[in-house]
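Enquirer: Attaching a single structure in structure tokens format; questions to follow.
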Amino acid sequence: MPARPADKLLSHYDANARALPWRNPPGSPPMDPYRVWLSEVMLQQTTVATVKPRFRRFVERWPTVEALAAAPAEDVMQEWAGLGYYARARNLHACAKSVAATGGFPRTADGLRKLPGIGDYTAAAVASIAFGEGTAAVDTNVERVIARLHGIDRPVAEARPDIRRLAAAMWPRDRAGDFAQALMDLGATICRPKAPLCGECPLAADCVAFASGTPEAFPGPKAKAIRPHRHGEAWWIERDGAIWLVRRPEKGILGGMAALPGPEWATAAPTGRAIAIVSHGFTHFTLDLHVTHRAAPPDSEGWWQGLATISEAGLPTLYARAIEAALAAREARADAA
DNA sequence: AAATCGTGGTA
DNA sequence: TTACCAAGATT
């Protein structure tokens, strides 16, 4: 009787190094749920390479969920600066407070799913990896692997119900967490979106996409959206070696983050003279941000941030780059003079 | 339920 | 250089 694909994959996983260095080897006792949860939230739409050093720093600063819950919100946002999708940091803090108040993480996916920032995937991942629940954690890697295995050539958005059904059908309940990590490792290193390494795949003999000769064609391409262009203005208000910073509103883009003050971004370019202009790409639009001088004292809430300690302000990448560009322009002017 | 929400790496 | 993509969640 031939081995099932799930068993082949688990054997392959047991014999190979894992992509996440902070995870325990397969078969060892379940990990600290705090660390599993934190790393899964950090990894949402974010590469392992980016997360690795940030995860280490974060757990060093806040080793337990209770410590994180007790931290000021501004400190959490500052620590998250540069990681993007800042709603994750706001939800992370809210989730930590809830968990600390109730004395620990829920031990089931259904319980975890109710917490802020925990969706279907993260709930299943934490429940299976940290608590041994037999739940299928389906992320984009898993969707791609399953689609190829079964030769599904429709776009994932359309085929998702079928993919989830097929995933659940093959998911080993007794090693659900290991299987999730095995599938994701496979998706990240072998069954890649482009140029999959089918020659190294333990599931090649079972794979319809491989048999077709064009495995990259599965699943179908997702519809691409056009990215509009916007313009913005950021005010440079300086006094005694410090600049005026504000905190952006909780909702909307860069919500809750430190920022240069300025009007809302629009479609028309600012007309005044700019110290510097930085171009930045967001997920669904691109932005040209004009940094302009403003002598007027601040009329809103904010604080003076010394330029010598600007790196500690917890600025998102857009504003970090804008300030860097403004200082570089000043330096160039000083050299010319 | 389609839109919104960051950033950095790769081809 | 543009386009695509990454261990998704929320509204």
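Enquirer: What number, in percent, do you get for the relative contact order of chain A if the mean sequence gap of Cα pairs under 8 Å and at least 6 apart is divided by its residue count?
Expert: Dividing the mean separation by the residue count of chain A yields 16 percent.
Enquirer: How big is the gap, in Å, between the Cα center of segment A:242-292 and the Cα center of segment A:55-131?
Expert: Measuring centre to centre over Cα atoms gives 28 Å.
Enquirer: Holding the Cα-Cα limit at 29 Å, pick out from A:K114/A:K224; A:K52/A:K97; A:K8/A:K224 the pairs that are longer than that.
Expert: As for pairs spanning more than 29 Å Cα to Cα, those are A:K114/A:K224; A:K8/A:K224.
Enquirer: How would you order A:68-77, A:92-101 from highest to lowest mean count of nearby Cβ atoms within 10 Å?
Expert: A:92-101, A:68-77
Enquirer: Less than 15 Å Cβ to Cβ from A:F218, Lys/Arg counted +1 and Asp/Glu -1: what total charge do the surrounding residues give?
Expert: +1
Enquirer: Suppose all protein chains stay in the model; what accessible area per residue would a 1.4 Å probe give for chain A, in Å²?
Expert: Using a 1.4 Å probe on heavy atoms only, each residue of chain A averages 51 Å².
Enquirer: Roll a 1.4 angstrom probe over the protein heavy atoms and tell me the percent of accessible area of chain A that is carbon or sulfur.
Expert: 54
Enquirer: What is the set of long-range amide H partners of A:A274 at a cut-off below 5 Å, with H atoms built 1.01 Å from backbone N?
Expert: Distant-sequence amide H within range of A:A274: zero hits.
Enquirer: Still on this structure: Show me, for segment A:327-337, the HN-Hα J-couplings you get by feeding each phi into the Karplus relation (A = 6.51, B = -1.76, C = 1.60, θ = phi - 60°), rounded to Hz, glycine and proline as x.
Expert: 5, 5, 5, 5, 4, 5, 5, 5, 5, 5, 7
Enquirer: Next question. For A:W236, which sequence-distant residues (separation of 5 or more, or a different chain) have an amide H within less than 5 Å of its own amide H, given hydrogens modelled in the peptide plane?
Expert: So A:W236 has HN proximity to A:T292, A:H293, A:R294.
Enquirer: With θ taken as phi - 60° and the coefficients 6.51, -1.76 and 1.60, list the Karplus ³J(HN,Hα) couplings across segment A:161-177 in order, rounded to whole Hz; mark glycine and proline as x.
Expert: x, 5, 4, 5, 5, 5, 5, 4, 5, 9, 6, x, 5, 7, 9, 4, x
Enquirer: Sticking with this one: Determine which aspartates and glutamates satisfy two conditions relative to A:K194: a Cα distance under 18 Å, and not lying fewer than 8 residues away in the same chain.
Expert: Filter leaves A:D139, A:E143, A:D153, A:D185, A:E216.
Enquirer: Which of these, A:D240, A:D162, A:D14, has the largest mean-square fluctuation under a Gaussian network model of chain A (Cα springs below 10 Å)?
Expert: A:D240
Enquirer: Hey, another quick one. Return the single residue from A:F58, A:F282, A:F210 with maximal mean-square fluctuation; model: Gaussian network over chain A, springs between Cα atoms under 10 Å.
Expert: Among A:F58, A:F282, A:F210, the largest mean-square fluctuation in the Gaussian network model of chain A belongs to A:F282.
Enquirer: While we're here: Whole-Hz Karplus ³J(HN,Hα) for segment A:183-190, in order, using 6.51 cos²θ - 1.76 cosθ + 1.60 and θ = phi - 60°, x for Gly and Pro?
Expert: With the stated coefficients, segment A:183-190 comes to 5, 6, 4, 4, x, 7, 10, 10 Hz.
The values are calculated or read from the model by the stated rules, or taken from the named source; none is laboratory data. Quantities reported herein were computed from a predicted structural model and do not represent experimental measurements. Cβ sites come from the backbone with ideal geometry, for glycine too, and all protein chains shown count toward neighbours. Accessible surface areas use protein heavy atoms only, side chains included; no ligands, DNA or RNA. Shrake-Rupley method; radii C 1.70, N 1.55, O 1.52, S 1.80 Å.
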